[in-house]
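Everything below concerns the one structure shown next.
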Amino acid sequence: SGSVIYLNTNKSVLGDSVAFEKIASQWAKSSIFMHKVLSASNVPYFHILQPNQYYQTQRVFGEEEKRIAFNKDTPYAKAVEIGYPALLSKFPNLEKNKIDIFNAVKVFDRTKDAVYVDSCCHYNKAGEVVFSNYVGGSILESLRKDKARSKKK
């Protein structure tokens, strides 16, 4: 009462699928908002969904990397397994809103080198190189396409 801050608390705990859907929706809205703010100043905005070992792709892990990268007791696994599909479901709306969004979840699929340094989500030097090359190449390609579109106008 009388405060400028109001917290709308839930009366019950949300189920995982509902909670992650709400999180993904907020994530997408935030991306759209950041894009609009930056576009107003003619600043490019890029959004990248990074790879995570708990989101299954065609990646083949060596035995040593499995020992480093996976932990059956980690809270991250469940969050990624439920959360990534929710995030990926927002891509069409983000693309419709002209967000340069890149799905990098499969960038490690073709490398045989170990790329994870822990059971959370962090990359070693080899992983950083693969991921940064993907991000840099994706941004350059996007900027080239934008420049080509501008020349046609």
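The values are calculated or read from the model by the stated rules, or taken from the named source; none is laboratory data. This one's a predicted model, so the numbers in the text were calculated from it and none came from an experiment. Using ideal geometry, Cβ is built from the backbone for each residue, glycine included, and neighbour counts are taken over all protein chains shown. Remember, those area values only see protein heavy atoms, side chains included, never the ligands or the DNA or RNA. Shrake-Rupley method; radii C 1.70, N 1.55, O 1.52, S 1.80 Å.
Just one of the numbered conditions (1) without any contact (Cβ under 8 Å) to a residue 12 or more places away in the chain; (2) more than 30 Å from Lys112 (Cβ to Cβ) is not true of Arg67: (2).
Scanning region 116-153 for residues that are over 16 Å from Val105 (Cα atoms), in contact (Cβ under 8 Å) with a residue 40 or more places away in the chain and of a type in the set (S, T, N, Q) yields Ser119, Ser142. Of the residues making up region 83-94, those that are among the aliphatic types (A, V, I, L, M) and either open to solvent by less than 20 Å² (accessible area, probe 1.4 Å) or in contact with a Ser or Thr (Cβ under 7 Å, 6 or more places away or on another chain) (or both) number 2.
Return the only residue of Ser12, Ser25, Ser30, Ser41 being open to solvent by less than 70 Å² (accessible area, probe 1.4 Å), of a type in the set (Gly, Ala, Ser) and without any contact (Cβ under 8 Å) to a residue 24 or more places away in the chain. When all the criteria are applied, what remains is Ser30. Could you please find all residues in region 47-75 being surrounded by 14 or more Cβ atoms within 10 Å (Cβ to Cβ) and either within 25 Å of Ser31 (Cβ to Cβ) or among the aromatic types (Phe, Trp, Tyr) (or both)? Across region 47-75, the qualifying residues are His47, Ile48, Leu49, Gln50, Pro51, Asn52, Gln53, Tyr54, Tyr55, Phe61, Phe70. One residue stands out among those in region 119-145 that are of a type in the set (Phe, Trp, Tyr) and touching a strand residue (DSSP E or B) at 6+ places or on another chain (Cβ under 7 Å): the one that is nearest to Gln53 (Cα to Cα), which is Tyr123.
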